[in-house]
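*Asks:* Just dropping this structure here.
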C-alpha cells in the first residue's frame, strides 16, 4: 500500500519518518485500537493535517507503524544474536540464547505483550500479514543460527520459534511476572530433545 502525500524532498521525508516513529510508539503503547491520526499527530508534535497529508488512511498508518516497530524489533534481535558466543553448550545456555533472539533481548512484560498483540492483530488484518510473515522468516533464520551454534539441526527452527512464542504467550496470559525466566527451563528441555547436527 502506498502512502498519501508527496515524496522526494528531504524535509518531507524527515517529517514522514518522525510520523512513522510516532505511529510506532502509539502502536506499542495503545495497540491498534489507539492508532489514530490524532494520536499520532499529538505524539509527533505536529498538526493533525500532517498525518492525513502523509498517510492516506488509518490502514496506511497501521502498516507504516507496524513496519517501523518491526524493523526496530528485528534490529534488536539481530543485535542479540550478534552478541552470542560462537559455540553454545548446554540446554540452558541455548535456551537463554533463543529467548534473547525471539524477545529481542527484552524481558519486560508490557513490551512482550505489546509485541504479541501486534502479532495477533495481523491475524485479523490482511494488510499486516506480509510484514509479520517476513519478520517471522527473519527471526526463524536467527533461531536456525542459534541452533547451529548449539550443535542442533537448524531445520527445526520454525518449530522452535513457534514453541518459544507459545510458551511466552502462555506465561503472559497466566500472569507470570518474569515470563522469559519462567519459560527458560521448559525451553531448555526442548533443546535437549532436538536432533544433533
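The values are calculated or read from the model by the stated rules, or taken from the named source; none is laboratory data. This structure is a prediction, so every number in the text was calculated from the model and none was measured. Positions of Cβ are generated from backbone atoms using ideal geometry, with glycine treated the same way; all protein chains shown enter the neighbour counts.
*Asks:* Tell me, yes or no, whether segment 67-82 has at least one residue that is more than 16 Å from the chain's Cα centre (by Cα), modelled with pLDDT under 95 and surrounded by fewer than 19 Cβ atoms within 10 Å (Cβ to Cβ).
*Replies:* No, segment 67-82 contains no residue that is more than 16 Å from the chain's Cα centre (by Cα), modelled with pLDDT under 95 and surrounded by fewer than 19 Cβ atoms within 10 Å (Cβ to Cβ).
*Asks:* From 143, 132, which residue is within 17 Å of residue 80 (Cα to Cα) and either under 13 Å from the mean Cα position of the chain (by Cα) or surrounded by 14 or more Cβ atoms within 10 Å (Cβ to Cβ) (or both)?
*Replies:* That would be 143, the only listed residue that is within 17 Å of residue 80 (Cα to Cα) and either under 13 Å from the mean Cα position of the chain (by Cα) or surrounded by 14 or more Cβ atoms within 10 Å (Cβ to Cβ) (or both).
*Asks:* Return the residue satisfying two criteria in turn: it lies in segment 92-111 and is buried (at least 20 other Cβ atoms within 10 Å of the Cβ) and in contact (Cβ under 8 Å) with a residue 40 or more places away in the chain, and of such residues it is nearest to residue 142 (Cα to Cα).
*Replies:* Per the stated criteria, the residue is 101.
*Asks:* Would you tally the residues in segment 57-75 being touching a helix residue (DSSP H, G or I) at 6+ places or on another chain (Cβ under 8 Å) and outside any helix (DSSP H, G or I)?
*Replies:* 0
*Asks:* Now for a different question. Please identify the pairs in which a residue from segment 172-197 that is at positive phi has its Cβ atom under 9 Å from the Cβ atom of a residue that is part of a helix (DSSP H, G or I), counting only partners at least 6 apart or on another chain.
*Replies:* Matching pairs, first to second residue: 175/109.
*Asks:* For segment 89-124, how many residues are more than 26 Å from residue 197 (Cβ to Cβ), outside any helix (DSSP H, G or I) and in contact with a helix residue (DSSP H, G or I) (Cβ under 7 Å, 6 or more places away or on another chain)?
*Replies:* Initially, segment 89-124 is screened for residues more than 26 Å from residue 197 (Cβ to Cβ), giving 106-124.
Adding the requirement that they be outside any helix (DSSP H, G or I) leaves 106-108, 122-124.
From what's left, in contact with a helix residue (DSSP H, G or I) (Cβ under 7 Å, 6 or more places away or on another chain): 106-107, 122.
Total meeting the criteria: 3.
*Asks:* Report yes if residue 49 is at pLDDT below 95, surrounded by fewer than 17 Cβ atoms within 10 Å (Cβ to Cβ), farther than 21 Å from residue 158 by Cβ and more than 22 Å from the chain's Cα centre (by Cα), otherwise no.
*Replies:* yes
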